[in-house]
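Colleague: Starting off with a structure, shown below.
The values are calculated or read from the model by the stated rules, or taken from the named source; none is laboratory data. What you see is a predicted model, and the numbers here were worked out from it, not measured in a lab. Positions of Cβ are generated from backbone atoms using ideal geometry, with glycine treated the same way; all protein chains shown enter the neighbour counts. Quick note on the areas: whole protein, heavy atoms, side chains included, nothing else; ligands and nucleic acids left out. Shrake-Rupley method; radii C 1.70, N 1.55, O 1.52, S 1.80 Å.
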Amino acid sequence: MSATSRFASRLRGMIFRSRLDRELDDELRFHLEMQAADNAKSGMDATEASYAAARAFGGVAQVKERHREARSFAGIESIFQDLGYALRAMRHNPGFTATAVVSLALGIGANTAIFSLIDALLLRSLPVSHPERLVQIVAPYRNGLRLQHFSYPMVRELAARGGMFAGLAGFSSERFDTGDGIHTVGAFVSGGYYKTLRLVPVAGRLLTESDDQPGAPPVAVISDGYWARRFGRDPSVIGKSIRIEGGSATIVGASPPGFEGMDVAQPADITLPIAVTPQLEPDYRALTLNYNYYGRGIVARLRDDLPIEQARAGAQAKLAAIWAQAYLATMPSGQVKNFGSMEILNAKPELMPAATGWTDLRPQFQKPLLVLMGIAGAVLLIACANLANLLLARSTARQREIAIRMAIGAGRGRVMRQLLTESVLLAMAGAGLGIGMAWLGSRFLVNLLSSAQRNPILLDVSPNTHILAFASLAAIVTTLLFGLAPAFRATASGAAGALKDSVAQIAGRRSRLAAALVVVQVSLSVLLLIGAGVFIRTLINLRTLDAGFRHEGVLMADISAPETVQRAAQFELYYRELTERARRLPGIVSVGLSDTTPLQPGFTTYDFKLPDKSTGEATYDRIGPGYFEAVRTPILQGRDVQFSDSRGAAPVAIVNQALVRKYFSGQNPIGLHLQAARDVEIVGVVADTRLQSLREAATPTLYVSMFQDGLTPRFSYLVVHASGSLTQASAELRHEFNVPFRPLDEQVEKTLIQERLMASLAGAFGALALILATIGLYGLLAYTVSRRTHEVGIRMALGAKQSQVRWMVVRDALILLAAGAALGAPLAWPLSRLVSSLTYGLTPADPSTIALACGTLALFGVLAAFVPAHRASRVEPMTALRVD
């Protein structure tokens, strides 16, 4: 018989098993009856004839089994038998099953949720042709930063000179008003964008260089997803107009499915050429075409005729050669120094891989997410150790059953497979529930990250092949981690050994492994509790830090000057009236003006000249009267900016203590002059303020009057210090000025998103690890007490007191806790050094944090030991002595 015929025959045997079993029974019965009839003819009575026929035929059950093995896939059938038995065992032990599945689901779900975010931010390649050949151009900037955004003229210059690339384009994320109050995420791109990415439209055409020219008619490309959601993929939409801001654009095509732009955190539904911005919103977006507007990322494609590394090296060298030329070509004569651009001019551009797209979230959250992944992995290990202990206890209780199965012919491999099948089912159930938890958890993480952004983050964290593969791998690994040891242990003694051993002997062997697993749980829990303590204390340290300003009770709003005021250049009068109106409202203590507010992006560092002609460097801020009073930054010397410091008055400036310490060496700076954009006289000194980051010490700062530096204050922040209810004050201010006011507290909290992420998740994982370790310790002690009932009875019969029995159990718990702490605490020092950049105000392996973590674990460990200890002390000696 051919292999195909044998396979078909076995397949029929599996499918029609019941029918074939009935036919086999009929056939065997026929043979036995015929043999019995022959025996009866030879003179035997009916009963003896039947027995003789059965003896001559042999074992009927063995014949049936051999026949089934020959006609079907015996291995597959045995797997189904194992699955059925495992399901019945899980159904008969609902408490154990629920504990195991939920523990695994929490561990797998936490890991999968964080991996989903890591995959979306760091790993997922763009759906374009050969994404590995895409690079992003960056320029090392001051303070170790990398400039990733450039002006539109710079993009065009590099594209014109970029023969070293197969294509080069600029891009930036935007939000467009598409009518009826709907704001749609989109992007402005240069003409070579789709050519560089090598995309093919799903309908119509994509943008080209001719679309990105001054005066070209506005056209747009929509994403395939947006086409489906809003237009139902109606082909007639191509060629029609869509409202964009104050104008409209013609839809010329739809991009291919899956591609939603270079910015992975802001998927673009509508893409427009950069050059059409003046036609859509002349008042503001026209400024984005200027040489001093740095808003465009640059993506380029390496040439195809060279290997990737060789193409990258060649492009890097040629880019460095033309960098300064291209930059100077974008700047008006004499403007380089005025805008503090020498660092960019002299920068050595770099090429970074862009296969996974771009997002400004990566520098901030890459390391925190990887650290959280490690923490979640430790939680999963603790859960696995817990389950291994539960399965060890179950295997001890089932030892007689396992021994009997092995005694009647089941091989060790067959029994191990049965036990591993139970573990696999638990892992699969945990992984299935974990994926559901991961779906919710990943969206919670995205919402948490969005809380610190101006616009919501739209990361795609829906399950995909990467995530499902990760969850499956996690399920396989957990099965091996918590299933193999109990399976090996359960079958190690063999049938004879297991039947001879007493339950106490078996329990002794199991409890040693169980104790080792509890020590591992405790050590990992100590590490996670220390990590949680470090990140929580970091958040507390930054929240209670004296940053040089007060944010409690401060409200702010962006107030734009009307066009009539701008045309008449009556800014001083307009803003004076504005502040006076705010001061008259109930509950308002002080009012000030500023171009920027603390911890807001936008502060710029410029050079200035000191009286001795040497050069200094300072952060530059434009303020109006009352700002320092509103944020309660004390003026230490001199005076504040006043409304009289206007265009016709002598230019004045206020400096902070850091600038005085660095450049004036204890001199009184009042009355001295600095040469910044113009000559200014220092009229005041204020306390140091951490303007750009709570983590960074105050830098030299130069405050100038917003009415004197030559730039018209078209808009400004009205900063208000209110007493009493902020909600009521905000309502009064909104009614007065018809603009929303938001608390400065919110802005401060947004800068702490990384710390809040680490503190909240590390704290949650630390608490979960503490609970799992406590349950594991309790389970081991309860199991040990139940197996030592005979010993406890003897001790009490010989005169042991209840307190001594309780101490015996608590002492065992303390030994396990001490062993775990001794193993875990020393690891905190090297691990804390790896995350030192995420902490603040703490030394590596902070002693007080370690002590608090160990103390917390010890407290919970003693509580876990209390119930088993109390139960042991209540054992009746006569009852215990009868226990086998």
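Colleague: Taking I238 as the residue in question, decide whether it is out of contact with any helix residue (DSSP H, G or I) (no Cβ under 6 Å at 6 or more places or on another chain) and of a type in the set (V, I, T). Reasoning before the result, please.
Modeller: Details: out of contact with any helix residue (DSSP H, G or I) (no Cβ under 6 Å at 6 or more places or on another chain): yes; of a type in the set (V, I, T): yes.
So I238 fits the description; yes.
Colleague: Which condition number does G163 fail, the rest of (1) crowded, with 18+ Cβ neighbours inside 10 Å; (2) not in a helix (DSSP H, G or I) being met?
Modeller: Looking at each condition in turn, G163 falls short on (1).
Colleague: For segment 751-768, which positions are farther than 18 Å from H551 by Cβ and open to solvent by 30 Å² or more (accessible area, probe 1.4 Å)?
Modeller: Within segment 751-768, S760, A764, A767, L768 qualify.
Colleague: Kindly indicate the residue of segment 633-674 that is of a type in the set (G, A, S) and modelled with pLDDT of 90 or more and also farthest from L573 (Cα to Cα) among those meeting that condition. Steps first, answer last, please.
Modeller: To start, the set of residues in segment 633-674 that are of a type in the set (G, A, S) comprises 638, 644, 646, 648-650, 653, 658, 665-666, 671.
Adding the requirement that they be modelled with pLDDT of 90 or more leaves 638, 653, 658, 671.
Working: G638: 25, A653: 21, A658: 33, G671: 27 Å.
Only one residue fits best here, namely A658.
Colleague: If you don't mind, there's one more thing I want to ask. Quick one: in segment 716-727, which of the residues that are touching a Gly at 6+ places or on another chain (Cβ under 7 Å) and open to solvent by 60 Å² or more (accessible area, probe 1.4 Å) is farthest from L555 (Cα to Cα)? Talk me through it step by step, then tell me what you get.
Modeller: Initially, segment 716-727 is screened for residues touching a Gly at 6+ places or on another chain (Cβ under 7 Å), giving 716, 719, 721-724, 726.
Still in the list and also open to solvent by 60 Å² or more (accessible area, probe 1.4 Å): 723-724.
Working: S723: 11, G724: 12 Å.
Among those that are touching a Gly at 6+ places or on another chain (Cβ under 7 Å) and open to solvent by 60 Å² or more (accessible area, probe 1.4 Å), it is G724.
Colleague: Check S836 against each of (1) more than 24 Å from the chain's Cα centre (by Cα); (2) more than 17 Å from A769 (Cβ to Cβ) and name the one condition it does not meet.
Modeller: For S836, the exception is condition (1).
Colleague: Restricting to segment 161-184, name every residue that is hydrophobic (A, V, I, L, M, F, W, C) and at pLDDT below 90.
Modeller: Step one: of segment 161-184, the residues hydrophobic (A, V, I, L, M, F, W, C) are 164-166, 168-169, 171, 176, 182.
Once the filter is applied, which keeps residues that are hydrophobic (A, V, I, L, M, F, W, C) and at pLDDT below 90, segment 161-184 yields M164, F176, I182.
Colleague: Report yes if some residue within segment 456-477 is at pLDDT 80 or above, among the charged types (D, E, K, R) and under 30 Å from I114 (Cβ atoms); otherwise report no.
Modeller: Checked segment 456-477: no residue is at pLDDT 80 or above, among the charged types (D, E, K, R) and under 30 Å from I114 (Cβ atoms).
Colleague: Here's a follow-up. Taking E681 and the conditions (1) open to solvent by 10 Å² or more (accessible area, probe 1.4 Å); (2) at pLDDT below 85; (3) part of a strand (DSSP E or B), which numbered condition does it fall short on, given that it satisfies the others?
Modeller: (2)
Colleague: Does I222 satisfy being touching an Asp or Glu at 6+ places or on another chain (Cβ under 8 Å) and either within 19 Å of G186 (Cα to Cα) or open to solvent by less than 20 Å² (accessible area, probe 1.4 Å) (or both)? Let's see the steps before the verdict.
Modeller: Details: touching an Asp or Glu at 6+ places or on another chain (Cβ under 8 Å): yes; either within 19 Å of G186 (Cα to Cα) or open to solvent by less than 20 Å² (accessible area, probe 1.4 Å) (or both): yes.
Judged against the criteria, I222 is a match.
Colleague: Give segment 96-130 a look and list any residue that's open to solvent by 10 Å² or more (accessible area, probe 1.4 Å) and of a type in the set (D, E, K, R), or say none.
Modeller: The one that is open to solvent by 10 Å² or more (accessible area, probe 1.4 Å) and of a type in the set (D, E, K, R): R124.
Colleague: Take residues that are buried (at least 17 other Cβ atoms within 10 Å of the Cβ) and in contact (Cβ under 8 Å) with a residue 60 or more places away in the chain and tell me which of the strands (runs of 3 or more DSSP E) falling wholly in segment 596-640 contain 1 or more.
Modeller: On the way: elements: 604-609, 615-623, 635-638.
So the answer is 604-609, 615-623.
Colleague: Is it the case, given these coordinates, that P267 is surrounded by 18 or more Cβ atoms within 10 Å (Cβ to Cβ), part of a loop (DSSP other than H, G, I, E, B) and touching an Asp or Glu at 6+ places or on another chain (Cβ under 6 Å)?
Modeller: On the way: surrounded by 18 or more Cβ atoms within 10 Å (Cβ to Cβ): yes; part of a loop (DSSP other than H, G, I, E, B): yes; touching an Asp or Glu at 6+ places or on another chain (Cβ under 6 Å): yes.
Yes: the conditions hold for P267.
Colleague: Then there's this: So G793 clears everything in (1) open to solvent by 10 Å² or more (accessible area, probe 1.4 Å); (2) touching a Pro at 6+ places or on another chain (Cβ under 7 Å) except one condition, right? Which one?
Modeller: Evaluating G793 over (1) open to solvent by 10 Å² or more (accessible area, probe 1.4 Å); (2) touching a Pro at 6+ places or on another chain (Cβ under 7 Å) leaves (1) as the failure.
Colleague: Which of the residues spanning segment 809-866 are of a type in the set (F, W, Y), closer than 19 Å to A532 by Cβ and in a helix (DSSP H, G or I)? Even if it seems obvious, please write down each step before you answer.
Modeller: If we filter segment 809-866 for residues that are of a type in the set (F, W, Y), which is where we start, we get 829, 840, 860, 866.
From the residues that got through so far, the ones that are closer than 19 Å to A532 by Cβ too are 829, 840, 860.
W829, F860 - these are the residues of segment 809-866 that are of a type in the set (F, W, Y), closer than 19 Å to A532 by Cβ and in a helix (DSSP H, G or I).
Colleague: Please go through (1) modelled with pLDDT of 85 or more; (2) open to solvent by less than 30 Å² (accessible area, probe 1.4 Å); (3) of a type in the set (D, E) for E350 and return the number of the only condition it doesn't satisfy.
Modeller: (2)
Colleague: Go through segment 807-832 and give me each residue that's touching a Pro at 6+ places or on another chain (Cβ under 9 Å), hydrophobic (A, V, I, L, M, F, W, C) and free of Cβ contacts under 8 Å to residues at least 40 places away in the same chain.
Modeller: Within segment 807-832, W829 is the sole residue that qualifies.
Colleague: Mind telling me which of the residues G648, G666 ends up being without any contact (Cβ under 8 Å) to a residue 12 or more places away in the chain, in contact with a helix residue (DSSP H, G or I) (Cβ under 9 Å, 6 or more places away or on another chain) and either of a type in the set (D, E, K, R) or open to solvent by 20 Å² or more (accessible area, probe 1.4 Å) (or both)?
Modeller: On the way: G648 fails: in contact with a helix residue (DSSP H, G or I) (Cβ under 9 Å, 6 or more places away or on another chain).
Exactly one of G648, G666 is without any contact (Cβ under 8 Å) to a residue 12 or more places away in the chain, in contact with a helix residue (DSSP H, G or I) (Cβ under 9 Å, 6 or more places away or on another chain) and either of a type in the set (D, E, K, R) or open to solvent by 20 Å² or more (accessible area, probe 1.4 Å) (or both), namely G666.
Colleague: Tell me the residue from Y226, Y194 that is assigned to a helix (DSSP H, G or I), in contact (Cβ under 8 Å) with a residue 24 or more places away in the chain and closer than 30 Å to A317 by Cβ, please. Before you say what the answer is, go through the steps one by one.
Modeller: Numbers: Y226 fails: closer than 30 Å to A317 by Cβ.
Testing whether each residue is assigned to a helix (DSSP H, G or I), in contact (Cβ under 8 Å) with a residue 24 or more places away in the chain and closer than 30 Å to A317 by Cβ leaves just Y194.
Colleague: Next up: Taking segment 434-476 as the region of interest, how many residues are β-branched (V, I, T) and under 13 Å from N111 (Cα atoms)? Spell out the reasoning first.
Modeller: Residues of segment 434-476 β-branched (V, I, T): 435, 446, 457, 461, 465, 467, 476.
Adding the requirement that they be under 13 Å from N111 (Cα atoms) leaves 435, 467.
The qualifying residues number 2.
Colleague: With the requirement that a residue be β-branched (V, I, T), within 45 Å of the chain's Cα centre (by Cα) and part of a strand (DSSP E or B), what does segment 641-659 give you?
Modeller: Filtering segment 641-659 for residues β-branched (V, I, T) gives 641, 652, 654-655.
Next, only the ones that are within 45 Å of the chain's Cα centre (by Cα) stay: 641, 654-655.
The answer is I654, V655.
Colleague: Taking segment 196-234 on its own, how many of its residues are among the basic types (K, R), under 33 Å from the mean Cα position of the chain (by Cα) and at negative phi?
Modeller: Pass one, segment 196-234, residues among the basic types (K, R): 198, 205, 229-230, 233.
Subsequent filtering for residues that are under 33 Å from the mean Cα position of the chain (by Cα) retains 198, 229-230.
Subsequent filtering for residues that are at negative phi retains 229-230.
Qualifying residue count, segment 196-234: 2.
Colleague: When segment 741-787 is examined, which residues are found to be within 21 Å of A388 (Cα to Cα) and of a type in the set (D, E, K, R)? Let's see the steps before the verdict.
Modeller: As a first pass, look at segment 741-787 and keep what is within 21 Å of A388 (Cα to Cα): 765-787.
Matches in segment 741-787: R787 only.
Colleague: If you don't mind, there's one more thing I want to ask. One residue is enough: does segment 198-206 have a residue meeting the conditions open to solvent by 10 Å² or more (accessible area, probe 1.4 Å), under 20 Å from D360 (Cα atoms) and either acidic (D, E) or in contact (Cβ under 8 Å) with a residue 60 or more places away in the chain (or both)? Break it down stepwise before answering.
Modeller: So in segment 198-206, the residues open to solvent by 10 Å² or more (accessible area, probe 1.4 Å) come out as 198-206.
Those left that are additionally under 20 Å from D360 (Cα atoms): none.
The answer is no; no qualifying residue exists.
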